[in-house]
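Q: There's a structure below that I have some questions on.
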Amino acid sequence: MDRLRINGGVPLKGEITISGAKNAALPLLALGLMSDDAVVLKNVPRLADTLSMEGLIRHHGVEVMRGDNTVTLFGAASSFDAPYDLVRKMRASILVLGPLLARYGKARVSLPGGCAIGTRPVDLHIRAMQALGAIVELADGYIQARAPQGLTGGRVVFPMVSVGATENAIMAAVLAKGSSELVNVAREPEISDLADCLNAMGAKISGQGTDIILIEGVTSLGGTTHRVVADRIEAGTFAIAAAITGGSLTLKQARPRHLDALIDVLRLTGVDVNELGDDLAVTANGRTLATDIRTDPFPGFPTDLQAQFMAMMCVADGSSRISETIFENRFMHVPELVRMGADINVDGGVAFVRGRRHLTPAPVMATDLRASVSLVLAALATEGQSEVSRIYHLDRGYSNLEDKLGQCGARLERINYGLDDDEFR
């Protein structure tokens, strides 16, 4: 199993260009199921998750051609079954449900797998499809949905905000007969990016970026060329990397307007943050100050940056309170940070962190995507050598992480001991 060996204690300095957003690319790749014409996606990061989604779309019969960061999709689907062996790798695989059902009137999708950070139930996806006229059953670990006469426009009210369910509902509704209203939808930039691409394909969507989206159904979609929006979570991770190491980074194409919540909090910790058009300059001015955060749906503080921020608070001056409101199991990085000397106590959905001047190097193990990078950040801020195992989680969401950090002074290398992680530990 691959691991990262990190020799910390070096302030990061330099420039990093932010990649396309994984969480935007995944639903955009599913659009290959919705048109016979070519859909050309630029700025698609080469990640385990995007490659898995490309494989799933290819399984359905759509032609998928990948260049360096460009993916071209074209042709009709010939299979409407998304099997467990493909879907188990990531939860985002459920995003083929809406497109298949909308265009072909049938879909059989395995219940998905992915990071174990919470239950993330599929019932919101199912309710949305039912509100648009689909007949949906759960049987033998599969979602089996059909709409023999096609979907019909309807009113979909989400009892709680869900990015994935919002995306599935949008993709389903654009080919439904009549008008649809989606209420209490997610407002993330990735939702707007999906809507913009669909509109370029001939859809009629308005209200993206607000909590109500209106859709007028169309009979078919054409092709388009679309550039995937920048990854705000990658940008936020590198901003925290600059702060935790006492360094200075310029993040190119970071889209600061998508990071307002993080920028506000970083400034409270004493970090100097300057917005330079689409770029972001982050400079630490000594030890950061402890600051409380609470995760919330966009435009609140992202749950996908909670673990990274907690790592920074472990070496901040003072005590902080970190409240996680999105996923119930998203403190699995805490025991690993404690192995590095962090002082953290968890009470339900709240973590209390007492900052220490230094952490100590240790072998640690990643439990999910964002937890893995939080351990990398902690190791970068630690004097001495640490090793982070199970970094296949990192490969799901961070493109060329070692190269990007290395060009800014980080001392890290990927190694392979040829042992199982649990055996090594």
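Laboratory data are not the source of any read-out in this text; all were calculated from the coordinates shown. Remember, predicted model here, so these are calculated numbers, not experimental data. Here the Cβ positions follow ideal geometry from the backbone for every residue, glycine too, while neighbour counts run over all protein chains shown.
Q: Roughly how many Å is it from the Cα centre of segment 179-233 to that of segment 1-80, as a whole number?
A: About 19 Å separates the Cα centre of segment 179-233 from the one of segment 1-80.
Q: Around I212, with a cut-off of 11 angstrom between Cβ atoms, what is the net charge of the other residues, counting Lys and Arg +1 and Asp and Glu -1?
A: Result for the neighbourhood of I212: 0.
Q: For segment 1-143, what is the relative contact order in percent, using Cα pairs closer than 8 Å and at least 6 residues apart in sequence?
A: Computed over segment 1-143, the figure is 19 percent.
Q: Let me ask something additional. Taking 7 Å along the Cα-to-C-beta vector as the label spot, tell me the R287-Q385 distance in nanometres, rounded to one decimal.
A: For R287 paired with Q385, the spin-label model returns 2.8 nm.
Q: Just name one of T50, G98, V109: the one whose Cα is farthest towards the positive end of the charge dipole of segment 22-227 (beta-carbon charges, Lys/Arg +1, Asp/Glu -1).
A: V109
Q: Under the classification rounded if a/c is under 1.5, otherwise prolate if a/b is larger than b/c and oblate if not, where does segment 22-227 fall, given a ≥ b ≥ c as square roots of the Cα gyration tensor eigenvalues?
A: rounded
Q: If you don't mind, another one. Where does each of 252-262, 132-142 land if you order them by average Cβ count within 10 Å, highest first?
A: My ranking of the peptides, most packed first, is 252-262, 132-142.
Q: Tell me which of S180, I212, V64 sits at the most positive position along the dipole axis of segment 22-227, charges placed on C-beta atoms (Lys, Arg +1; Asp, Glu -1).
A: Going by the Cα projections, it comes out as V64.
Q: Using the charge dipole of segment 286-425 (Lys, Arg: +1 at Cβ; Asp, Glu: -1 at Cβ; taken about the Cα centre), state which of C314, S372, I415 has its Cα farthest towards the positive end.
A: The one lying farthest along the dipole's positive direction is C314.
Q: A further question follows. Using 0.36 nm times the number of residues separating D123 and I135, minus their current alpha carbon distance, what extension gain do you get?
A: Gain on stretching D123 to I135: 3.0 nm.
Q: Is the shape of segment 292-402 best called rounded, prolate or oblate, per the rule: a/c under 1.5 gives rounded, else a/b larger than b/c gives prolate, else oblate, with a ≥ b ≥ c the square roots of the Cα gyration tensor eigenvalues?
A: Oblate, since a/c reaches 1.5 and b/c is not below a/b.
Q: Suppose R0 equals 30 Å. What FRET efficiency, 1/(1 + (r/R0)^6) with r the Cβ-Cβ distance, do Q149 and A76 give to the nearest 0.05?
A: The computed FRET efficiency comes out at 0.95.
Q: Dipole magnitude of the chain about its Cα centre, charges +1 at Lys/Arg Cβ and -1 at Asp/Glu Cβ only, in debye to the nearest 20?
A: For the chain, the charge dipole is close to 100 debye.
Q: To the nearest 0.05, how large is the calculated FRET efficiency for D260 and N199 if R₀ is 30 Å and r is the Cβ-Cβ distance?
A: Approximately 0.75, to the nearest 0.05.
Q: Would you kindly state how much longer the chain becomes between N400 and T17 on full extension, computed as 0.36 nm times their sequence separation minus their alpha carbon distance, in nm to one decimal?
A: Gain in length upon complete extension: 136.8 nm.
Q: Let me ask something else. Simple spin-label model, 7 Å along Cα-to-Cβ: D37 to R321 in nm?
A: 5.4 nm
Q: Okay, moving on. Please tell me the relative contact order of segment 122-166 in percent, rounded to the nearest whole number, where contacts are Cα pairs under 8 Å and at least six residues apart.
A: Value for segment 122-166: 43 percent.
Q: Sort 319-331, 93-105 by packing, meaning the average of other beta carbons within 10 Å per residue, with the highest value first.
A: My ranking of the peptides, most packed first, is 93-105, 319-331.
Q: Angle check, please: helix 189-200 long axis (alpha carbons) against the longest principal axis of the chain (alpha carbons), in degrees 0 to 90, nearest 10.
A: Roughly 30 degrees between the two axes.
Q: Angle between the Cα long axis of helix 48-59 and the longest principal axis of the chain, 0 to 90 degrees, nearest 10?
A: The angle comes out at about 20 degrees.
Q: Taking just the alpha carbons, could you work out the radius of gyration and Dmax for the chain, both in angstroms?
A: Gyration radius and largest Cα-Cα distance of the chain: 21.5, 64 Å.
Q: While we're here: Classify segment 181-244: rounded, prolate or oblate, from the alpha-carbon gyration tensor (a ≥ b ≥ c, eigenvalue square roots; a/c under 1.5 rounded; otherwise prolate if a/b is larger than b/c)?
A: oblate
Q: With charges set only on the Cβ (+1 for Lys and Arg, -1 for Asp and Glu), what does the dipole of segment 22-227 come to about its Cα centre, in debye to the nearest 20?
A: Charge dipole of segment 22-227: 140 debye, to the nearest 20.
Q: Relative to 2.2 N^0.38 Å, what does the C-alpha radius of gyration of segment 217-300 come to as a ratio? Two decimals please.
A: Against the compact-globule rule of thumb, the ratio is 1.36.
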